[in-house]
Amino acid sequence: NRVAPVDGHDIHFQCSAVLMHGVNIDSDDYLYMTVNQTRNANGKRYFNDISCSYLKAKAGQARILTTAAARVPLPPSEIPKREADLVGHRLGAAWVEGAEWIHGAVGLNGRSVDNERIGRNCDCSAKSRGDLDFFRRSFVTEVDHYSVIVLDTNGNPIVRIGRYGNADDGKPLNSAGGPEGARAIGGDEVAIFHAMNLVVHSDRRLFIADVGNERILSVKLDYFANETINLKSVPDEAPPQE
């Protein structure tokens, strides 16, 4: 069992040789985390075999079973009779039981594939950390897509933020907040080269650690439509009485 305290809660998982990063918990005790294995959906592994996966599960009601070496090996009788949910080079196959959903192709794991073929040999590259906003939406980095994907609480994609770019790409809202003569690239003007970690402030701002460009991006979050209404139950906000 792995036990990790988060915000005063004890998080229990039965697992072996699965690395988990960026663990978040919401008000209903659901856990959100990045695991360093590639998503295997309907028997087909994602083409990006150095990608990680992001999942949601109820605290105390989920477990990850693997065929990787562990102090207590998984007996053959306990191996699920279905395709593995996650796969990885030295980690073997893994089955996630009790998860609400799994979203693949996020983060980066340098040890997910044959090291001689790809020339990577470092677990530190797997430590991709997502974050939740006040509405329990997940913000997760898509390293090889040069973007951040936003998922709702049911795991549905809402929007992607960012595109490939260098430090002098992207026209900032505040001209004093970027390099002189920044080149407009269109869209949301968020240029990303290599982003592994991020933090969300309420539902209004996103901070992206773009280590490839040696900077932290401050991204303003907004909605396509906004409406302001008076709260009749609040005296200071109620409209004047006729």
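Restricted to the stretch 135-167, and to residues that are of a type in the set (Val, Ile, Thr) and either in a strand (DSSP E or B) or open to solvent by 80 Å² or more (accessible area, probe 1.4 Å) (or both), which residue is nearest to GLY22 (Cα to Cα)? So the residue we want is VAL140. Looking at the stretch 104-113, can you tell me whether even one residue there is assigned to a strand (DSSP E or B), open to solvent by 30 Å² or more (accessible area, probe 1.4 Å) and either modelled with pLDDT of 90 or more or over 17 Å from ASN36 (Cα atoms) (or both)? Within the stretch 104-113 (the criterion being assigned to a strand (DSSP E or B), open to solvent by 30 Å² or more (accessible area, probe 1.4 Å) and either modelled with pLDDT of 90 or more or over 17 Å from ASN36 (Cα atoms) (or both)), the answer is yes, since at least one residue qualifies.
Suppose the filter is within 13 Å of the chain's Cα centre (by Cα) and modelled with pLDDT under 95; does ALA176 pass it?
Values: within 13 Å of the chain's Cα centre (by Cα): no; modelled with pLDDT under 95: yes.
It is false that ALA176 is within 13 Å of the chain's Cα centre (by Cα) and modelled with pLDDT under 95.
Residues in the stretch 28-73 that are touching a residue at least 60 places away in the same chain (Cβ under 8 Å), under 22 Å from VAL199 (Cβ atoms) and among the hydroxyl-bearing types (Ser, Thr, Tyr): TYR30, TYR32, THR34, SER51, TYR54.
Residues in the stretch 22-65 that are within 19 Å of LYS81 (Cα to Cα) and either surrounded by fewer than 22 Cβ atoms within 10 Å (Cβ to Cβ) or not β-branched (Val, Ile, Thr) (or both): ARG39, ASN40, ALA41, ASN42, GLY43, LYS44, ARG45, ALA62, ARG63, LEU65.
Determine, yes or no, whether ASP203 is closer than 18 Å to GLY22 by Cβ, of a type outside the set (Ser, Thr, Tyr), open to solvent by less than 30 Å² (accessible area, probe 1.4 Å) and over 13 Å from the mean Cα position of the chain (by Cα). For ASP203, the condition - closer than 18 Å to GLY22 by Cβ, of a type outside the set (Ser, Thr, Tyr), open to solvent by less than 30 Å² (accessible area, probe 1.4 Å) and over 13 Å from the mean Cα position of the chain (by Cα) - is not met.
Kindly indicate the residue of the stretch 206-229 that is of a type in the set (Asp, Glu) and more than 17 Å from VAL159 (Cβ to Cβ) and also surrounded by the most Cβ atoms within 10 Å (Cβ to Cβ) among those meeting that condition. Show your work before the answer.
Narrowing the stretch 206-229 to residues of a type in the set (Asp, Glu): 210, 214, 222, 227.
Pick out the ones that are also more than 17 Å from VAL159 (Cβ to Cβ) and you get 210, 214, 227.
Details: ASP210: 24, GLU214: 10, GLU227: 5.
Step by step, filter the stretch 206-229, then rank; the result is ASP210.
The residues of the stretch 168-179 that are surrounded by 10 or more Cβ atoms within 10 Å (Cβ to Cβ) and part of a loop (DSSP other than H, G, I, E, B), listed by number, are ASP168, GLY170, LYS171, PRO172, LEU173, GLY178, PRO179. For the stretch 31-76, the set of residues classified as in a strand (DSSP E or B) and more than 17 Å from GLY155 (Cα to Cα) consists of LYS44, ARG45, ARG63, ILE64, LEU65, THR66, listed by residue number. Applying the selection to the stretch 19-70, what residues are more than 16 Å from the chain's Cα centre (by Cα) and of a type in the set (A, V, I, L, M)? Listed by number, the residues that qualify are ALA41, ALA59, ALA62, ILE64, LEU65, ALA68, ALA69, ALA70.
The values are calculated or read from the model by the stated rules, or taken from the named source; none is laboratory data. Being a predicted model, the structure only gives us computed values, none of them experimental. Cβ: placed from backbone, ideal geometry, glycine included. Neighbour counts: every protein chain shown. Accessible surface areas use protein heavy atoms only, side chains included; no ligands, DNA or RNA. Shrake-Rupley method; radii C 1.70, N 1.55, O 1.52, S 1.80 Å.
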